[in-house]
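Following: one structure in structure tokens, then a few remarks.
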Amino acid sequence: MLQTSISQQTGFAHLSDLPCLKLQYGTASAVISLYGAQVLSYQPTAENEVLWLSPKAQWHNQQAIRGGVPVCWPWFGPVSAMFNPQNISLPNHGLVRTKLWQVGSQQSSAAGVSVTLTIAVDDLPYFQGSAKLQLCVTLNDSLTLTLSCDSVMPQQAALHSYFAVNNLSSALVRPLPASYHDKVRDVVVDNGSAVATFNAETDRIYHQSAAQLWLEQAEQLLSLCQRGHDATVVWNPWQEKSSKMSDLQLDSYQQFVCVETAHLTTDNQALTLSQQLKRT
Ligand code: TA6
């Protein structure tokens, strides 16, 4: 008989007081922090972790948790003028990574275990009124995250996923467009390659990326299916940047790569953005 459940859990890894939900679907499990609606763990089978959480991650003092799947909204990266008309000091990657979300609907059946977390944001610096954001997380033979906001307004978003890698030098992401915006050097590069590998600081925006991507590493293949996106961001801070980040250890950069499903255009429109993960 397939065991399915959704349970409240206080603490995950070293974050002992963090309010979380645990989803169980047979041998598969996922853990979601209510702080930031951040999925912190996805194990298709026991002890087989797909995501990475920094051993130095923190959640107090308005700090964003380093690892799992941070939700970036309603802007990506440093805030631009259109989202910050008063030119005030605003955090990187938007406003909801450091807020507590509410638990909404929950379903548990043989088809899957699903929970929706919601947050109403009424302090947007560029939009009058309140916007309601939802993250639906569904666990069955894969894990699907769907971020949505019905408000018609300029809004960027990203599911900023940190994937565990066992050998960074053999990890690669494919298929990707040959051309990308290299944020390290702030130039557009066309390297004629459909693959991203990691041998230096990597911070790239691949516009119009495919729906189906693969994160390949020794003996492991992860399917990453995207919907509602217009770009994919690939990031690894490498050594020097890691050494300057308080919530990373010196060798942390060797343990993860970020492959982020993003919506970066700023037209007036509602948002639906999803990322589905499946080990194959
Ligand atoms: O998605 C890549 C990126 O935008 C990098 O430029 C780097 O800043 C990273 O996100 C982490 O951002 P954070 O605000 O979490 O430190």
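The values are calculated or read from the model by the stated rules, or taken from the named source; none is laboratory data. Just so it is clear, the structure is predicted and the values come from calculations on it, not from any experiment. In this analysis, Cβ positions are derived from the backbone assuming ideal geometry, glycine residues included, and neighbour counts consider all displayed protein chains. These area figures cover heavy atoms from the full protein model, side chains too; ligands, DNA and RNA do not enter into them. Shrake-Rupley method; radii C 1.70, N 1.55, O 1.52, S 1.80 Å.
Provide the per residue accessible area, probe 1.4 Å, for the chain, rounded to a whole number of square angstrom.
Solvent-accessible surface per residue comes out at 43 Å².
For Leu15, neighbours were defined as the other residues whose beta-carbon sits under 12 Å from its Cβ, and their charges (Lys and Arg +1, Asp and Glu -1) total 0. Relative to the Cα centre, the charge distribution of the chain, modelled as +1 at Lys and Arg Cβ and -1 at Asp and Glu Cβ, gives a dipole magnitude of about 240 debye. Here the accessible area is traced with a 1.4 Å probe on the protein chains. For the chain, carbon and sulfur cover 49 percent of it. Ordering Pro44, Gly77, Val115 by Cα displacement along the dipole of the chain toward the positive end leaves Val115 in first place; charges were set at the Cβ atoms of Lys, Arg (+1) and Asp, Glu (-1). Net charge around Gln276, counting only other residues with Cβ within less than 11 Å of its Cβ (Lys, Arg = +1; Asp, Glu = -1)? Charge balance near Gln276 sits at +1. Dimensions of the range 59-143 based on its C-alpha atoms, expressed as ranges along the principal axes with the largest first, amount to 50, 29, 22 Å.
Multiplying the residue separation of Asn199 and Glu49 by 0.36 nm and removing their Cα-Cα distance gives an extension gain of 51.7 nm. In the chain, taking the dipole from charged Cβ atoms about the Cα centre, the farthest positive-side position among His93, Thr232, Pro19 is held by Pro19.
Sorting the Cα pairs of the range 144-280 by distance into bins of 10 Å, from 0 upward, gives 12, 41, 35, 11, 1 percent per bin.
The H on the amide N of Val39, modeled in the peptide plane, is under 5 Å from the matching H of Ser33, Val69, each at least 5 residues off or on a different chain. For a straight C-alpha distance cut-off of 21 angstrom, the lysines reachable from Lys183 (same-chain residues fewer than eight places away being disregarded) are Lys241, Lys244. Along its principal axes, the chain has C-alpha extents of 54, 50, 34 angstrom, given from the largest down.
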